Amino acid sequence: MCLSGHEPSSPDAGTGSWSGRAASLKPWPDQRMISTKIFISVVYFKPAPLVKTAYLNPIQAGRALGRFHVEGAIGDDTGKNNSHDNLFWSELTALYWMRHNVEAEYYGQMHYRRLLAFAGKKPRGLSFEEISDETYEKYGWRDDLIEKACESADILTPPARPLYLPGLPDLVMTASDFFAHQHHARDMAVLEDIVKERAPHIYPYLVQILTGRKLFFNSISVMRRPFFLEYADFLIDMLEAAQQRIDVSGYDSYQSRLGGFLAEYLTCAYVAYAKSVHGARARELPLTWGIRPRPPVSPQQVLLEARQKRDRTRVADRGDGGADDDINVALAVDDYYLPHAAVTMLSALKTSTTPSRLRFLVLNGHTISAGNRERLEGLVKGAGGRIDFIDIDDRDLRWLPLNRDYISIATYYRLVMHHYLPPDVEKVIYLDADTVVIEPVEKLWAIDLEGHPVAGAPDDAGLPQARRLRLDAAHRYFNAGVMVFDVARFREMPLAEAILEIFRRQGPYIISQDQDILNILFCNDTKELPLAWNAGTRIYRSNALEPAYSEKEAFEAARFPAIVHFMDAKKPWHTKCTHPFTELYWDYRNQTPWAESAGHRAKRRLIQRVRRWLRAPDRRFEKRIKSS
């Protein structure tokens, strides 16, 4: 049954306890209803630049909890509200508030970093790192365009997307399996029982969603009034029942936001129901997303300071220290990567105050030619260090996956190096061969592991990586490019058996090779290193991923890096690389037997200057830095 061809019919008895609300919306006592044509909540959880027009209304979710105050946003703790339940309901406390305190022809809800684009044409590029007049114009955040989009359909949503885990686009999952992997499967079973009991007419559409392989997230939608009232009452009733039946007291801070996760599936189910039963006209709009802005650090300044630190380094007397005073530095290298490893080693030596303490342990699978061994040995000894080549028998590693073109079997050598290193090596710094050292490694060596077998710094995509592997939320997924290993502890561990068990249990979800394995092995048993010791590529540009570190950590690491790690596929030896420390890499490379020719240097610098000039975002960023 439909009203006016498209609207939900009046509630019928027996269709669920929630369905009578839409017909009798009344102002909450002592609260004046907000009345407008279109009211779209833009939900904020923390202070951030506001997206605001007459129709786009910033709402602070969970304000009653007193964690912070978003200046200029409406608090969801006014009027009739459930703001105190925000830890379970997440952004849905804003929807609850909107349902009880707003009279409108169209209602909607978006997230401050996930917003629909109302522009007439799909914008080129949907990610943004700042809110400006250009951003409003690009994405159509104008009331006239919002009104036009609302009048074109009964329901607006983002596009549904295939369900797969980060990095595994070929492994498309059903919504039910996706929820079970990301959360607790039993909670969805409870929700199904609730929907069957309280909204049986919508339950078939929840089944349709759970057995399908596409979903839109964050409960983002805009609906004409009759649909919104029916949807909101359905959603609120389901979540209230779920909150009563599901105990989340033992969940971590992420999983305890269960209501927000369940609502995503309920929202998709309601939209499918409204389209099929009420004939609702639904339209998908592009979804924009805010990304982590790059730290406000001048590339020229950090490069200059890194060079100055190197040039000011003064070598101190080693004293009477013996073998126990060695600083062991391991790298896994093949013949192709040897020139880059030479840069890593030379930069460590040139910035060390006691280079004679540095003992490089080059892990290789008999793949380094005699000539290259001789050249590398001469370079290290000439700079005051020592070097040993550790030949690894990799036959027991060849069953392990190699998921990226630029990764070789050498990446797994760190998992077995304890079997091959000299007995006197009980601790080692491990460096990937695409790093440049800026601060003396003596400082890294001096960090106390506090009883942990390994130390590592958080990864630039750490949050989705950890969820893919279902790691505890308390564990910060680390990047394995710069680590410290307690080799003595490794020798005591049954690592071969543990790694096999990990692959038997989680093999389909392991895509970052040994890095995933190490994070699983040492979940909640890792000494966290300051991010500066593994300053990755994405702290020098905007980051569309969800890093395991804060914006403050990113700024400090970008401003004062200790070891720079060229994590991206575009390395400094590639002409397309625009990393601010590219020239520092070549400073060192040109002091090795693998120096570039004058012609190559001129061509490389010309191409990089042109590429930087063509990159408008880089020019705008540098202009802002100079003006500040």
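Taking residues in region 468-488 that are surrounded by fewer than 20 Cβ atoms within 10 Å (Cβ to Cβ), and partners anywhere that are part of a loop (DSSP other than H, G, I, E, B) and among the small types (Gly, Ala, Ser), the pairs with Cβ atoms closer than 7 Å and at least 6 places apart or on different chains are ALA473/SER253. The lone criterion from (1) acidic (Asp, Glu); (2) at pLDDT 90 or above; (3) not in a strand (DSSP E or B) left unmet by ASP388 is number (3). When residues in region 422-439 are screened for being crowded, with 21+ Cβ neighbours inside 10 Å and either at pLDDT below 95 or in a loop (DSSP other than H, G, I, E, B) (or both), 5 of them pass.
Residues in region 391-410 that are modelled with pLDDT of 80 or more and of a type in the set (Val, Ile, Thr): ILE392 alone. Is there a residue in region 508-520 that is assigned to a loop (DSSP other than H, G, I, E, B), small (Gly, Ala, Ser), modelled with pLDDT under 90 and touching a Ser or Thr at 6+ places or on another chain (Cβ under 6 Å)? For region 508-520, residues assigned to a loop (DSSP other than H, G, I, E, B), small (Gly, Ala, Ser), modelled with pLDDT under 90 and touching a Ser or Thr at 6+ places or on another chain (Cβ under 6 Å): absent.
Looking across region 535-554, the residues that are among the polar types (S, T, N, Q) and either over 16 Å from the mean Cα position of the chain (by Cα) or part of a loop (DSSP other than H, G, I, E, B) (or both) come down to SER542, SER550.
Just checking, how many residues over region 58-80 are in contact with a helix residue (DSSP H, G or I) (Cβ under 9 Å, 6 or more places away or on another chain) and either closer than 14 Å to ARG114 by Cα or part of a strand (DSSP E or B) (or both)? Matching residues across region 58-80 total 4. For region 237-284, a residue qualifies if it is in contact with a Lys or Arg (Cβ under 9 Å, 6 or more places away or on another chain) and outside any loop (DSSP other than H, G, I, E, B), and the qualifying residues are ASP237, MET238, ALA241, CYS268, LYS275, ALA282. Within region 363-385, the set of residues being part of a loop (DSSP other than H, G, I, E, B) and farther than 30 Å from LEU495 by Cβ comprises SER369, ALA383, GLY384. Inclusion of LEU258 among residues that are buried (at least 22 other Cβ atoms within 10 Å of the Cβ), under 22 Å from the mean Cα position of the chain (by Cα) and not basic (Lys, Arg) is warranted. For region 158-171, a tally of residues being at pLDDT 95 or above and surrounded by fewer than 19 Cβ atoms within 10 Å (Cβ to Cβ) returns 4.
Quick one: would you say SER253 is under 20 Å from the mean Cα position of the chain (by Cα) and either aromatic (Phe, Trp, Tyr) or more than 24 Å from ARG224 (Cβ to Cβ) (or both)?
Numbers: under 20 Å from the mean Cα position of the chain (by Cα): yes; either aromatic (Phe, Trp, Tyr) or more than 24 Å from ARG224 (Cβ to Cβ) (or both): yes.
Yes.
One residue stands out among those in region 210-239 that are surrounded by 20 or more Cβ atoms within 10 Å (Cβ to Cβ) and within 12 Å of LEU262 (Cα to Cα): the one that is nearest to the chain's Cα centre (by Cα), which is ASN218. There is at least one residue in region 30-43 that is at pLDDT below 95, under 20 Å from ILE236 (Cβ atoms) and in a loop (DSSP other than H, G, I, E, B). A search for C-beta distances below 9 Å between a residue of region 143-162 that is within 17 Å of PRO226 (Cβ to Cβ) and any residue that is assigned to a helix (DSSP H, G or I) and of a type in the set (Lys, Arg), counting only pairs 6+ apart in sequence or on different chains, returns ASP154/LYS275; ILE155/LYS275. The criterion of at least 2 residues that are farther than 20 Å from GLY260 by Cα, touching a strand residue (DSSP E or B) at 6+ places or on another chain (Cβ under 7 Å) and not polar (S, T, N, Q) is met by the following strands (runs of 3 or more DSSP E) wholly inside region 97-174: 102-111.
Just to be sure I understand, how many residues within region 571-604 are among the hydroxyl-bearing types (Ser, Thr, Tyr), closer than 19 Å to GLN300 by Cα and in contact with a Leu (Cβ under 8 Å, 6 or more places away or on another chain)?
Of the residues in region 571-604, the ones among the hydroxyl-bearing types (Ser, Thr, Tyr) are 575, 578, 582, 585, 588, 592, 597.
From the residues that got through so far, the ones that are closer than 19 Å to GLN300 by Cα too are 575, 578, 582, 585, 588.
Imposing the further condition that a residue be in contact with a Leu (Cβ under 8 Å, 6 or more places away or on another chain) reduces the set to 588.
Summing the residues that are among the hydroxyl-bearing types (Ser, Thr, Tyr), closer than 19 Å to GLN300 by Cα and in contact with a Leu (Cβ under 8 Å, 6 or more places away or on another chain) in region 571-604 gives 1.
The set of residues from region 130-144 being surrounded by fewer than 17 Cβ atoms within 10 Å (Cβ to Cβ) and more than 15 Å from VAL42 (Cα to Cα) comprises GLU130, SER132, ASP133, GLU134, GLU137, ASP144. Here ARG467 passes the criteria (1) under 23 Å from TYR164 (Cα atoms); (2) assigned to a strand (DSSP E or B) except the one numbered (2). Can you report the number of residues in region 346-391 which are crowded, with 18+ Cβ neighbours inside 10 Å, of a type in the set (A, V, I, L, M), out of contact with any Pro (no Cβ under 9 Å at 6 or more places or on another chain) and free of Cβ contacts under 8 Å to residues at least 60 places away in the same chain? Of the residues in that region, 5 qualify.
The values are calculated or read from the model by the stated rules, or taken from the named source; none is laboratory data. Computed from a predicted structure; not experimentally measured. When we count neighbours, we look across all protein chains shown, and the Cβ atoms used for this are built from the backbone with ideal geometry, even at glycine.
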